[in-house]
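Colleague: Dropping the structure in here first, questions after.
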Amino acid sequence: MRTTEQTQVGAVNHRLSDKAARFTESVIREMTRLAIAHKAVNLSQGFPDFPAPAEIKRAAQEAIAADINQYAITWGAKPFRDAIATKFQATQGVAVDPEREITVCCGSTEAMISSMLAIVNPGDEVVVFEPFYENYGPDAILSGATPRFVKLRPPDWEFDPQKLAAAFGPATKAIILNTPNNPTGKVFTRAELETIRDLCIRWNAYAITDEIYEHMLYDGAEHISMASIDGMRDRTITINALSKTYSVTGWRVGWAIASPEVTSAIRKVHDFMTVGAAAPLQQAGAAALQFPKEYYDALAREYYDRRARLLEILTKAGFRCFQPRGAYYIMTDISAFGFADDVAFAEYLVQEIGVAAVPGSSFYNDPADGKNHLRFTFCKTEKTFQAAAERLAKLKPASIR
Ligand SMILES: Cc1ncc(COP(=O)(O)O)c(C=O)c1O
């Protein structure tokens, strides 16, 4: 038996979980902390520095005033689930039953981990495209999945269908897909989704698709939900949230749409993990999801202009930019600056130049694969862009430094 004394002396590591030891804190969110510490312009973490729409804020205020202040039904307030189902049908043509196929969670972050915990058993493999949104790594560890990575290759971030096929096998439980994609801005085409579909069917695997940037599309790109692809409705877990579409990342309201069987498992995990998402904010979400088409058109137009602005600033400062077709990030190549790696450059940038960005390595399993990349976000105001442009003007490529 372990005594108190034995527990206290040199036992720190034995009292933490192996799982928690296998991943670090978020690099993206750490960059925001560094940006604050160095008073840098923060182009790292993906949160808008402009106001959320007045209507959604008013709806939240009214919900609190109307005393919608107690637990909502654990899997989501009915008006909100109804609104989610109506919007999914209207935008993607997929009919879902709000009573049996939707779980409202604390952001898409919780929707993703609850979904993984609901379907993954030890020994299961999960296929992940890389570069990937950094949460998917810890999600795999926490749920006990073994990730199998498949590269998206610049400049167009295409995947090699043969390599994808080789990543699937009898142990594959799911593929994680993020379209429009963070960090690359790739928007998966119908043909690509069909290639993935064929593999999911062949190996009896799920697709978990993170679609939180569905309305940020440029240059004619079209968002296609995996659930709308023939044969995929009941194999797909569609993850989404209020966070990005309505500029309310701090509200922590998201959802998972899945078949009744999968939903019942997700709901159990979700219930015991968080009980539920904020009740008044779900009420406001129900109002937001009924915004007219013009809202989404205006959102895409504004982000188109912001993308152009940041592309101009970064290109002028010497970055090679991969122009995104969706989402609100620009992945760059930093080779011209001659730094040892992405982390060294990101540190220099935040400390000496005063601009925060995310090191590319945080989006790869092997940090070496991201060492020539840095990711910037453009969900920012002109004032922020102006400040970033002034600071980045001090930056010099290696050849003239
Ligand atoms: C691809 C992707 N998924 C999920 C999230 C987190 O979303 P939420 O705020 O809804 O948890 C982000 C945030 O940047 C993201 O980029």
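Colleague: Using per-residue counts of other Cβ atoms within 10 Å, averaged over each peptide, order 273-279, 111-117, 99-105 from highest down. Kindly include the intermediate steps, with their values, before the conclusion.
Modeller: On the way: 273-279: 18.0, 111-117: 26.1, 99-105: 23.4.
Answer by packing, highest mean first, reads 111-117, 99-105, 273-279.
Colleague: What whole-number value in Å² describes the accessible area per residue of the chain for a 1.4 Å probe?
Modeller: Details: 17690 Å² over 401 residues.
On a per-residue basis, 44 Å².
Colleague: Would you work out the relative contact order for the chain, in percent, from Cα pairs under 8 angstrom that are 6 or more residues apart?
Modeller: On the way: 774 pairs, mean separation 94.8, N = 401.
24 percent.
Colleague: With 5 Å bins from zero, work out the P(r) of the stretch 44-161 over every alpha carbon pair and list the percent per bin.
Modeller: Calculated P(r), rounded to whole percents: 2, 8, 12, 14, 16, 19, 15, 8, 5, 2, 0.
Colleague: Would you mind checking the pairs Lys39/Lys316; Lys19/Lys380; Lys39/Lys244; Lys151/Lys394 and listing those with alpha carbons more than 29 angstrom apart?
Modeller: Values: Lys39/Lys316 23 Å; Lys19/Lys380 35 Å; Lys39/Lys244 25 Å; Lys151/Lys394 34 Å.
Violating the 29 Å limit, Cα to Cα: Lys19/Lys380; Lys151/Lys394.
Colleague: Please give the length that would be gained between Arg100 and Leu16 if that part of the chain were fully extended, namely 0.36 nm times their separation in residues minus their C-alpha to C-alpha distance (nm, one decimal). Walk me through the numbers before you get to the answer.
Modeller: Details: separation 84, 0.36 × 84 = 30.24 nm, distance 3.72 nm.
Here the answer is 26.5 nm.
Colleague: A follow-up question, please. For Val41, which sequence-distant residues (separation of 5 or more, or a different chain) have an amide H within less than 5 Å of its own amide H, given hydrogens modelled in the peptide plane?
Modeller: Val355, Ala356
Colleague: For the chain, which whole-number percentage of the solvent-accessible area (1.4 Å probe, protein heavy atoms only) is attributable to carbon and sulfur atoms? Before the final figure, lay out the partial values.
Modeller: Values: 9330 of 17690 Å².
Within the chain, the accessible surface is 53 percent carbon and sulfur.
Colleague: Right, another one. Rounded, prolate or oblate, given the Cα gyration tensor of the stretch 288-401, with a/c below 1.5 counting as rounded? Walk me through the numbers before you get to the answer.
Modeller: Values: a/c = 2.47, a/b = 1.67, b/c = 1.48.
Prolate, because a/c is 1.5 or more and a/b exceeds b/c.
Colleague: Also: Could you check the simple spin-label distance between Arg153 and Ala37, using points 7 Å along Cα→Cβ, in nm with one decimal?
Modeller: Between Arg153 and Ala37, the simple spin-label model gives 3.9 nm.
Colleague: Further question: Quick one, what does Rg over Rh come out to for the chain if you take C-alpha atoms and the Kirkwood Rh? Please list the in-between numbers first.
Modeller: Details: Rg = 21.5 Å, Rh = 22.0 Å.
We get a ratio of 0.97 for the chain.
Colleague: What is the spin-label model distance, in nm, from Thr274 to Glu312 if the labels are put 7 Å beyond Cα along the C-beta direction?
Modeller: 3.8
Colleague: Using Cα springs under 10 Å in a Gaussian network model of the chain, which residue among Lys87, Lys293, Lys316 shows the largest mean-square fluctuation?
Modeller: Among Lys87, Lys293, Lys316, the largest GNM mean-square fluctuation belongs to Lys293.
The values are calculated or read from the model by the stated rules, or taken from the named source; none is laboratory data. Please read these numbers as outputs of a predicted model, since none were measured by experiment. Backbone-built Cβ (ideal geometry, glycine too); neighbour counts: all protein chains shown. Side chains are part of the model used for accessible areas, which takes the heavy atoms of the whole protein and leaves out ligands, DNA and RNA. Shrake-Rupley method; radii C 1.70, N 1.55, O 1.52, S 1.80 Å.
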